[in-house]
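Heads up: the structure comes next, in structure tokens.
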Amino acid sequence: MKLLTCLLLLCSLGSYAHAQTDSLLTSVLQPADMQADFRYLRRMLEETHPGLYRYTPKARMQAKLDSIDQSLNQPLPFYAFFKTVSALLADIRCAHTHTFPCKDWRSQFDRTLKTIPFFVFPTQERAYVLFNGTTDQTIKPGYELLGINGQSMASIRQQLYRYHWDDGYNESSKIQAMRGQLFALFYYWYIGQPDTYHITFRTISGDTVQINAPAKPFDTSAKVMKKSPVNKQMVTWYYNSKKQKHPWRLYFPDTVAHTAYLRLDEFGGEGAKNGAQAIQRFQKFMNKTMTQLKKKQIQSLVVDVRGNTGGWDSQGIELFTYLMKTDSAVPYYTRQHSVADSSEFLQFSDLSEADRANVKNELIPEPDGTFTLKQGSDSREPKRYTPKPNRFRGQVYILMNGESASTASEFLAVAHANKIGTCVGAESGGAYEGGNGGSFINLTLPKTGIEVTTPLVYYDNAVPEPKQKGHGTLPDYYVPITIYDILHRTDSQWKFVQKLIWERKSE
């Protein structure tokens, strides 16, 4: 089984054309174009973003928007304006609100942008090399990055965190996300575009090493990563640990008796085209799973949603109903709402034409100007979910981390509130009280070409008021993944769960 889903995202190593230059580096934007795009973006946010004022009072957010508008009175380099837009969206504190500099940013990263030639893995407030993409074989997997171009890694992390999209004040999701390709991209976009990276490392034995590494497009670095002898062990492990064909898998580990291990890479629906199909396919898998658990007389079930970045909300709800401890029906969300039942920006959403025409029929107008989503009836009361008759009634252990986001984060929050099982790992990647999602607007700013994605639905999870707003579900046992786990292909979190199971069996 995998340690973490999507730990590495090395792309295919085919042949590409010679690297080109990044034209955005020399692009200078005029005040009129920036003002036009910013005001267009602002109107979209004010008309449609349900969480615009979730963490920032309206008066303060409006003052921020006014200040940005007034500041756009001089020509700016493209990336300076892009940073302004990115910082604004990050300040909304929504994991589903983000921006990219252009539509083909992924292709640019692979072929054009000259970025740091190392694949970096952060853990426990440190950053380590997993793959060396240079011809200098001095630097080996497991070496710690101490600084880049005269800046400490602590300073670099804080600068990059400023622009990452996260729910509330969650830093676990920032740490999980800021690795590998995203680290290289964020450094390029938000810190600088050097031709050479002067990097200081700490070796595994504790010595300090410095090298100069020429910046390269990722596809060039990836080819070296795959072939370099220093990466051989890590590359072999990665390619032997590729994502399984099926995103949902059930194991029966031989290390713990009467225990099953349920791995859920995603709530992706196996290609389901609609919510009904997503429910049907997940129910089919879970019913088969429940039959196997009963046949094998399983007493402990481990549910692994580490690295599960979400998918169909309905599948998270379904999982919950197969694990519920109560016989009574309970709500999963207390409310879902939108701030728009009509807007010209809905044409840029992922809603179909038929769905857009039916929006008003799915919303209940409220006195405060918002619109409550109907949950299967015209009532404002939240929908309640009953436990499955064949649900698992034994001990449940849940593995989680900062990449357990969106649907997975909602499941973890409601599971925690309903005391479904024991949570082990790290803070989840969303906000305990809920986030924003549902359907999404994908907008291209017409003058600058900057891409923006925002959600349309505000979610309130059916959980108690948290002590600290804007943080994810906290595990019952905090167990970090260490660099030792990565280098030796061990799993401290799974080992900890096994220990808990053994201890309970011996009581």
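A few points about this structure:
- Charge-dipole axis of segment 264-388 as Lys and Arg at +1 and Asp and Glu at -1 on Cβ define it, positive-most pick from 369, 307, 338: 307
- From largest to smallest, the equivalent ellipsoid semi-axes obtained for segment 259-299 from the alpha-carbon gyration tensor read 24, 11, 5 Å.
- Across segment 60-76, rounded Karplus estimates of 3J(HN,Hα) from the backbone phi angles (6.51 cos²θ - 1.76 cosθ + 1.60, θ = phi - 60°) give 5, 5, 5, 5, 5, 4, 4, 5, 5, 4, 6, 7, 7, 10, 9, x, 9 Hz, Gly and Pro being marked x.
- For residue 334, the residues whose amide H sits under 5 Å from its own are 460, 461, 462, ignoring neighbours fewer than 5 places away on the same chain, with H placed 1.01 Å from N.
- Peptide ranges 490-500, 200-210 listed from the most packed, as the mean C-beta count within 10 angstrom indicates: 490-500, 200-210
- Cα-based shape type of the chain, given that a ≥ b ≥ c are square roots of the gyration tensor eigenvalues and the cut on a/c is 1.5: oblate
- Extension gain, residue 502 back to residue 294 (0.36 nm per residue minus Cα-Cα distance, nm): 72.8 nm
- Measuring nothing but how far apart in sequence close Cα pairs (under 8 Å, 6+ apart) lie, relative to its length, segment 106-178 scores a relative contact order of 23 percent.
- Considering only the chain, percent of DSSP beta bridges that pair antiparallel, nearest 5: 75 percent
- Peptides ranked, highest mean first, by Cβ atoms within 10 Å: ranges 44-50, 382-388: 44-50, 382-388
- The chain, relative contact order in percent, only Cα pairs under 8 angstrom and at least six apart counted: 18 percent
- Charge dipole of the chain about the Cα centre (unit charges at C-beta), most positive-ward option of 163, 461, 135: 135
- Positive-end residue of 208, 251, 229, charge dipole of segment 191-258 with Cβ unit charges: 251
- Basic side chains Lys and Arg get +1 at the Cβ, acidic Asp and Glu get -1 at the Cβ, and with that the dipole of the chain about its Cα centre reaches some 1680 debye.
- Long-range HN-HN contacts of residue 127 with modeled amide H, under 5 Å: 145
- Placing +1 on the Cβ of every Lys and Arg and -1 on the Cβ of every Asp and Glu, with nothing else charged, gives segment 443-490 a dipole about its Cα centre of roughly 160 debye.
- Evaluating 6.51 cos²θ - 1.76 cosθ + 1.60 at θ = phi - 60° for every residue in segment 414-422, the Karplus couplings come out as 5, 4, 5, 5, 9, 6, 6, x, 9 Hz, glycine and proline recorded as x.
- Working ranking of peptides 407-416, 277-286, 359-368, 292-301 by packing, defined as the average number of other Cβ atoms within 10 Å per residue, highest first, is 407-416, 277-286, 292-301, 359-368.
- The Cα trace of segment 169-288 gives Rg and Dmax of 21.0, 57 Å, the first to one decimal, the second as a whole number.
- Structure-based [θ]222 nm, the chain - -39500 (n - 2.57) summed over DSSP H runs of at least 4, per residue, nearest 500: -10000 deg cm²/dmol
- Residues in segment 158-174 carry Karplus couplings, in order, of 4, 5, 6, 4, 4, 10, 7, 8, 8, 6, x, 10, 6, 9, 4, 5, 4 Hz; the curve used is 6.51 cos²θ - 1.76 cosθ + 1.60 with θ = phi - 60°, and Gly or Pro positions show x.
- Net charge of neighbours whose Cβ lies under 12 Å from the Cβ of residue 387, counting Lys and Arg as +1 and Asp and Glu as -1: +3
- Charged side chains reduced to their Cβ positions (Lys and Arg at +1, Asp and Glu at -1) give segment 211-327 a dipole of some 540 debye around its Cα centre.
Values quoted throughout were computed directly from the atomic coordinates according to the rules given, and no laboratory measurement underlies them. Predicted model only: the values in this text are computed from it and were never measured. Reconstructed Cβ throughout: ideal geometry from the backbone, glycine too, with neighbour counts over all protein chains shown.
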